1. Taking the stated definitions as given, is residue 244 modelled with pLDDT of 95 or more and outside the structural domain of residue 149 (by TED's automatic domain parsing)?
2. Inside region 165-213, can you point out the residues that are surrounded by fewer than 17 Cβ atoms within 10 Å (Cβ to Cβ), touching a helix residue (DSSP H, G or I) at 6+ places or on another chain (Cβ under 8 Å) and in a loop (DSSP other than H, G, I, E, B)?
3. Within region 240-251, is there a residue that is farther than 29 Å from residue 143 by Cβ, without any contact (Cβ under 8 Å) to a residue 24 or more places away in the chain and exposed (fewer than 14 other Cβ atoms within 10 Å of the Cβ)?
4. Among what's in region 37-58 and is free of Cβ contacts under 8 Å to residues at least 12 places away in the same chain and either surrounded by 12 or more Cβ atoms within 10 Å (Cβ to Cβ) or assigned by TED's automatic domain parsing to the domain that holds residue 272 (or both), pick the residue that is farthest from residue 72 (Cα to Cα).
5. Residue check: is residue 148 crowded, with 20+ Cβ neighbours inside 10 Å, out of contact with any helix residue (DSSP H, G or I) (no Cβ under 6 Å at 6 or more places or on another chain) and either under 27 Å from residue 289 (Cα atoms) or touching a residue at least 24 places away in the same chain (Cβ under 8 Å) (or both)?
6. Run residue 17 past the list (1) under 23 Å from the mean Cα position of the chain (by Cα); (2) at positive phi; (3) at pLDDT 85 or above and report the number of the one that doesn't hold.
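The values are calculated or read from the model by the stated rules, or taken from the named source; none is laboratory data. Computed from a predicted model, the values in this text were never measured in an experiment. Counting neighbours? That spans all protein chains shown, and the Cβs are built from the backbone with ideal geometry, glycine included.
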């Protein structure tokens, strides 16, 4: 049997992940090790912690209460082994290096960093907002934010939100060209596209049932997501945007959604950091504040 602390650590990871397999990836262990740890803890507690079926796992009410207690206990024990920093706990100092996609960074990350900078004047931020994926391990980034899948055992990751995709156009554009009634009709309408830096080609648009399409001859093609966003708002063409970029403009009437019945499954937003030894207070603080701030979306 595992020691009790490690058993609780694995259980907490399983409680925060959608599956034992993903918990194993985040911890860098095998799914079988997660299953054994949960079974051992269930035997020790005399209570079922997860319902299992062919579609996945679902934590029980008892499991949720135990996870809340265990999370605080594990964090408290981990804190005992953190080195004492020069700054007082209420005033962490130093540089925190972050990376995120441009649109997500400007809309969701910057408000959190602005609040932190006011509360903790000794903190400094080195930020890379880029639509090109940055390897946080290779480039010594402290915290990354990813929109889309994240499966890498080198990272400690938290899934914080799942914004939808919206296919949109301005009222003026729709008045001129009409709404597309099918995915294929997009080829005959003015569209915008975002260039994939790694291939040089346009990113595909995503739709329900795993359908994708790359509109032929987009009217506006850019390597920068904010430029494409501006083009969509200007009525240059139809485009596809994540909800955190589109929803406020849909609410105001500046954009109108189209092909809503074919809206794809949402993508997840992850906040992650490398697994590389002790975590300084300043990095833990920023990581936790980003998790809290983006989880409210």
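1. No: the conditions fail for residue 244.
2. Listed by number, the list holds a single entry, 211.
3. Yes, there is a match, as at least one residue in region 240-251 is farther than 29 Å from residue 143 by Cβ, without any contact (Cβ under 8 Å) to a residue 24 or more places away in the chain and exposed (fewer than 14 other Cβ atoms within 10 Å of the Cβ).
4. 52
5. Criteria not met by residue 148.
6. Every condition holds for residue 17 apart from (2).
Residues are listed down the side, and each one gets a yes or a no for (1) modelled with pLDDT of 90 or more; (2) in contact with a strand residue (DSSP E or B) (Cβ under 9 Å, 6 or more places away or on another chain):
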| residue | (1), (2) |
| --- | --- |
| 26 | no, yes |
| 33 | yes, no |
| 39 | yes, no |
| 69 | no, no |
| 83 | no, no |
| 101 | yes, yes |
